[in-house]
Amino acid sequence: MSSSVEAITVLSSDGDEFKITVSAAKLSKPLNWMLEDVCFSDDCDEVPTIEVNSKTLVKVIEYCEKHAPRANSGASDSDAEELKKWDIEFMKMDVKDILFHILMAANYLHMEGLYDLACQTAADLMKGMTVSQIRKIFHIKNDFSSEEQEQLRRQHPGCSFD
Amino acid sequence: MEDRIGGLPDSLLFHILSFLQTKDVVATCMLSKRWRHLWRLPSKLHFDDRSFPSVEFFVQFIDAALRLVRLNSVQMFVLKCERFSVLEVEVNVWVNALTNYKLTYLKLHFRRQLILLPSSFFIYNTVSVLKLTGFVLVNLSPVDLPSLKALHLKNVKFSNSKCIARLLSYCLHLEELVLKGLKVRFEFEHREDECARFEHLLFADVPAFLFPMEVFSNVQFIYLRQL
């Protein structure tokens, strides 16, 4: 494989193969390092594995490919507007199922833009919600004893358990 | 269904919380034991009076938050008063509580009143973004804003134009300057030593005729408004 390679193949944690263009892979530091290894090592047969499942990796690559042109060249404000709209659509996903994985993947792959976007999405789901509503959205189990709840109520008279 | 968000590392949960107002952040302590103490280490404090039913509750909440969180971890502080008027003395207590910590972003916004700034207000070693709305500045004692990159002053009243000229002359690394709705009596002599030299300024949105044009020699975008 020569250093003029345009796309690399990676494996998801489920063992599926995915192609990602070089410019898109540059959005992630670990992917970028991987890329340098793949491009410059003599032993090119090995396909690197990314510890992200297939369903999530599809989304991550989709994000990278969309954002790569702007990240690599800079773009106009109208592009930025369009990209923002795209991000909002992109994040309309099943919370229980995939947001959690996107958060983990963005963290693991050091992708600042996606990390911020996913955290913002999680925060938006919590905004203005009651404690019990948030528990329901994220399947958080209330593991406080009744004494502890009473104590918390006293400490935070403005907040409510319901 | 398992509690997956609780399994995320602290750093990730802190980042999620940084997108919320402090009122919502504090409430997360009720979610579960995993969340009980996270709110005490905020990277951002964000108070907005529109989320509170009364000014008393708003003030009490800020007092308590500043007492209970680890201020060491706070990098951003945002206070927005859109609906209520608060006592000047309260604001001074809050601002003083923050001066010793490593803030990088400070935004204080008062819509319905003008707050008198203490003359020693402008001493923040680490602040790079400072946005003030609704203030009066009468005296200016030493200024120390070595890290300041962006300064926004909106609806700020200066006792005289020397005051603002002096303030700006200390902001040597400014890249962004926005001055809107300034109230300042004009007695501007463009004395060399008092006039700011904005060598790093990239963006300016300022009243026309406040500065000689030379100071904007490097600006990439400039918007000159009627005072």
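Here is how the numbers come out for the structure above:
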read-out	value
Test: residue in region B:73-83 that is of a type in the set (A, V, I, L, M, F, W, C), open to solvent by 40 Å² or more (accessible area, probe 1.4 Å) and under 12 Å from the mean Cα position of the chain (by Cα)	yes
Flag if residue B:158 is more than 22 Å from residue B:125 (Cβ to Cβ), at pLDDT 75 or above and under 20 Å from the mean Cα position of the chain (by Cα)	yes
Qualifying positions in region A:145-158 - touching a helix residue (DSSP H, G or I) at 6+ places or on another chain (Cβ under 7 Å) and of a type outside the set (A, V, I, L, M)	A:156, A:158
Subset of region B:37-50 that is within 12 Å of another protein chain (Cβ to nearest Cβ) and not in a loop (DSSP other than H, G, I, E, B) - its residue that is farthest from residue B:105 (Cα to Cα)	B:50
Region A:1-42, residues that are more than 24 Å from residue A:73 (Cα to Cα), in a loop (DSSP other than H, G, I, E, B) and modelled with pLDDT of 90 or more	A:12, A:13, A:14, A:15, A:16
Residue within region B:92-102 that is at pLDDT 95 or above, surrounded by 14 or more Cβ atoms within 10 Å (Cβ to Cβ) and among the charged types (D, E, K, R) present	no
Filter result (at the interface with another protein chain (Cβ under 7 Å from one of its Cβ atoms) and surrounded by fewer than 21 Cβ atoms within 10 Å (Cβ to Cβ)) within region A:116-127	A:120, A:123, A:127
Extreme residue, surrounded by the fewest Cβ atoms within 10 Å (Cβ to Cβ), among residues of region B:18-36 that are under 25 Å from the mean Cα position of the chain (by Cα) and more than 7 Å from chain A (Cβ to nearest Cβ)	B:18
Those residues of region B:2-17 which are closer than 15 Å to residue A:101 by Cα and facing chain A (nearest Cβ under 8 Å), in sequence order	B:2, B:3, B:4, B:5, B:6, B:8, B:9, B:12, B:16
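The values are calculated or read from the model by the stated rules, or taken from the named source; none is laboratory data. Since the structure is predicted, the reported quantities are computational estimates derived from the model, not experimental observations. Don't worry about glycine lacking a Cβ; one is built from the backbone with ideal geometry, like all the others, and counts go over all protein chains shown. With ligands, DNA and RNA removed, areas are computed over all heavy atoms of the protein, side chains included. Shrake-Rupley method; radii C 1.70, N 1.55, O 1.52, S 1.80 Å.
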